[in-house]
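Each remark here refers to the structure printed beneath this line.
Only the coordinates and a few stated rules stand behind these numbers; no lab work does. Note that this is a predicted model, so its numbers are computed, not measured. Cβ atoms come from the backbone with ideal geometry, glycine included; neighbour counts cover every protein chain shown.
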Amino acid sequence: MANGEAPIRVRNLSVFYGGLQVLRDVSLDIPAKRITVIVGPSGCGKTTLLKSLNRLLDAAEGVRVRGQVLVDGEDIYAPRTEVTRVRKKMGLLSQKPQVLPMSIYENVAYGPRIHGLRSRKDLDGRVERYLRLAGLWDEVRDRLREPASALSVGQQQRLCLARGLAVEPEIILGDEPTSALDPPSSQNVERRLMELKRDYTVVVVTHILRQARRIADHLAFLFLGELVEQGPAAEVFAGPRDPRTRAYLSGEIS
Amino acid sequence: MRPLKDALARRAMGLTAALPAALVVLIVAGLFLRSRAIVAVEPLSKLLFSSAWQPLQGKFGLLPFIAGTVWVTATALALALPVSILAAIYLSEYAPGWVRKAAKPVVDLLAGLPSVVYGVWGVILVVPFVGNVLAPLAGAASSGYSVLAGGIVLAIMTFPTIIHVTLEVFAAVPRSLREASLSLGATKWETTRHVVLRKGAQGILAASVLGFSRAFGETMAVLMVVGNVPAVPRSLFDAGYPLPALIANNYGEMMSVPRYDAALMAAALVLTLIVLFFNVLARRTLVRAERRGR
């Protein structure tokens, strides 16, 4: 990655679900090794924007995408781009933790296995390493063979984090990653993200403004599919330029 | 007044719910009573494991029919299971929406066609195909009226049921779970194999059991193509004589032969018990799988 260049650059991105336009001409630079938070009222296209970054939108039917998303300078919507390689660069945390129907160990080992890691020793190493990084190792080290569904929801979300990290991505995407969690678990996940930004580029979608204030370095405000304002979080919070941003931050639209 | 109505409704519904369970017991008990004339005199081992079926000499060995049932059912499922699961995977994971929408009613229509239609179709097409093409290919001589023909017809009859249930199982797997796997860089096939199939394993098992139950008891279509020779089949190209065909062909005839009707009742009892056995087995597997967590 070129120094100083944003690892993800969104250029004039429009997304349509059938005849409905969900994103309008969005352009956004996501800075490296920072937490970028995308805020906006529900239904404004936040999740669509997030999922367009790793082409998860492809999975849905009737979706049309216009514009570009450049990841490390490569247009991921170019016809010859290999979608699995793009997705491997990013770990995803979804709204509700989605553990795979297998053991705790296998959940973390799943990604590395898919990408060709076979040796037991290497796998063991990865599983431990990323469970530690997700702050879950001490709670599960003696029960790695148990089904992941036996964990609490908060633990499951950290397991999903470990699972995403285990494919050694550069970027972590979070789609309202704390919305299903109780307050202590939410804080735990937020703390992890704050730690992880040392080594990873983090993009989080949320509709909780207080959460954005706590963790955002860079803030983007999305309203009715349009990117209204973006910039360093402190600046946007202190002095929003657009009246719509001001209204949203003061709680007049939600 | 309203509490009374409530209590009445509860009773009434409880009663109707108990009815099916009671029916199963009644049917088994009835069959047992009517077959006592033979079960009481013949040792069970001889009844079940003797292959001599000579009613006029008073020999009622059910083995050929039990074997015929097992052969035909096993053949049918060996053909139907892979085909229907792969078809369901295609329809649920790969096919564009309009194909899925068009295919579903067609599949359901197939499930609703009368059995005898399948039988006629089997006689016209499947029997000659087995006799003139498949058997020579395998180096066997066969009239075509065979276990294989029965298995093929039965497979075609069961797979709409299996596809239908399996599709519902796949639809119940949340999209975000698939996305979790895809987002790790897994391909669609890897996601289907490791996540969707695993998550749906129990449901697919249940679907197969439904198919099994149908296959065991299916009478008409099988009877028309299977040959109905009371001998234990030794290959796919031999004729067979499954239990339901035995009962349907003979009940009401030759009732002058002593203990004949009791022997047929015993055959019905055996068939019922086989189906019950597999249902219970499947239920236990399901429960165990559930306990193991998914």
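Here are the numbers:
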| quantity | calculated |
| --- | --- |
| Of residues in region A:147-184 being surrounded by fewer than 19 Cβ atoms within 10 Å (Cβ to Cβ) and of a type in the set (S, T, Y), the one nearest to A:T47 (Cα to Cα) | A:S179 |
| Positions within region B:161-180 being in contact (Cβ under 8 Å) with a residue 12 or more places away in the chain, surrounded by fewer than 24 Cβ atoms within 10 Å (Cβ to Cβ) and touching a Ser or Thr at 6+ places or on another chain (Cβ under 8 Å), in sequence order | B:L167, B:F170, B:A171, B:R178 |
| Residue within region B:158-179 that is among the acidic types (D, E) and within 13 Å of another protein chain (Cβ to nearest Cβ) present | yes |
| Elements of type helices (runs of 4 or more DSSP H) contained in region B:1-69, each with 2 or more residues being free of Cβ contacts under 8 Å to residues at least 24 places away in the same chain | B:2-34, B:44-49 |
| Residue count, region A:63-80 (criterion: in contact (Cβ under 8 Å) with a residue 24 or more places away in the chain and in a loop (DSSP other than H, G, I, E, B)) | 2 |
| Every residue from region A:218-254 that is of a type in the set (G, A, S) and either over 19 Å from the mean Cα position of the chain (by Cα) or surrounded by fewer than 13 Cβ atoms within 10 Å (Cβ to Cβ) (or both) | A:A234, A:A238, A:G239, A:A247, A:S250, A:G251, A:S254 |
| A:D175 being in contact (Cβ under 8 Å) with a residue 60 or more places away in the chain, among the acidic types (D, E) and within 14 Å of another protein chain (Cβ to nearest Cβ) | yes |
| Qualifying position, being of a type in the set (D, E, K, R) and at positive phi, among A:E176, A:E146, A:E170, A:E139 | A:E176 |
| Number of positions in region B:254-282 that are under 18 Å from the mean Cα position of the chain (by Cα) and in contact (Cβ under 8 Å) with a residue 24 or more places away in the chain | 13 |
| Checking A:R34 against (1) under 12 Å from the mean Cα position of the chain (by Cα); (2) within 14 Å of A:G174 (Cβ to Cβ), the condition it does not meet | (1) |
| Options A:K88, A:K51; residue that is at the interface with another protein chain (Cβ under 9 Å from one of its Cβ atoms) and in contact with a helix residue (DSSP H, G or I) (Cβ under 7 Å, 6 or more places away or on another chain) | A:K51 |
| Odd one out for B:L210 among (1) more than 14 Å from every other protein chain (Cβ to nearest Cβ); (2) of a type outside the set (D, E); (3) surrounded by fewer than 19 Cβ atoms within 10 Å (Cβ to Cβ); (4) in contact (Cβ under 8 Å) with a residue 60 or more places away in the chain | (4) |
| Candidates B:G131, B:G144, filtered to the one that is closer than 28 Å to B:T219 by Cβ, in a helix (DSSP H, G or I), away from chain A (no Cβ under 14 Å) and of a type outside the set (A, V, I, L, M, F, W, C) | B:G131 |
| Matching residues in region B:89-125 - criterion: being away from chain A (no Cβ under 14 Å) and charged (D, E, K, R) | B:K104, B:D108 |
| Checking A:C44 against (1) more than 14 Å from chain B (Cβ to nearest Cβ); (2) closer than 21 Å to A:A6 by Cα; (3) crowded, with 18+ Cβ neighbours inside 10 Å, the condition it does not meet | (2) |
| Sole exception among (1) under 18 Å from B:R175 (Cα atoms); (2) of a type in the set (D, E, K, R); (3) surrounded by 19 or more Cβ atoms within 10 Å (Cβ to Cβ) for A:E61, by number | (3) |
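Table: residues versus (1) among the polar types (S, T, N, Q); (2) under 13 Å from the mean Cα position of the chain (by Cα); (3) over 23 Å from B:L205 (Cβ atoms); (4) surrounded by fewer than 16 Cβ atoms within 10 Å (Cβ to Cβ).
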residue: B:F65; (1), (2), (3), (4): no, no, yes, no
residue: B:A74; (1), (2), (3), (4): no, yes, no, yes
residue: B:L86; (1), (2), (3), (4): no, no, no, yes
residue: B:W98; (1), (2), (3), (4): no, no, yes, yes
residue: B:K104; (1), (2), (3), (4): no, no, no, yes
residue: B:D108; (1), (2), (3), (4): no, no, no, yes
residue: B:P114; (1), (2), (3), (4): no, no, yes, yes
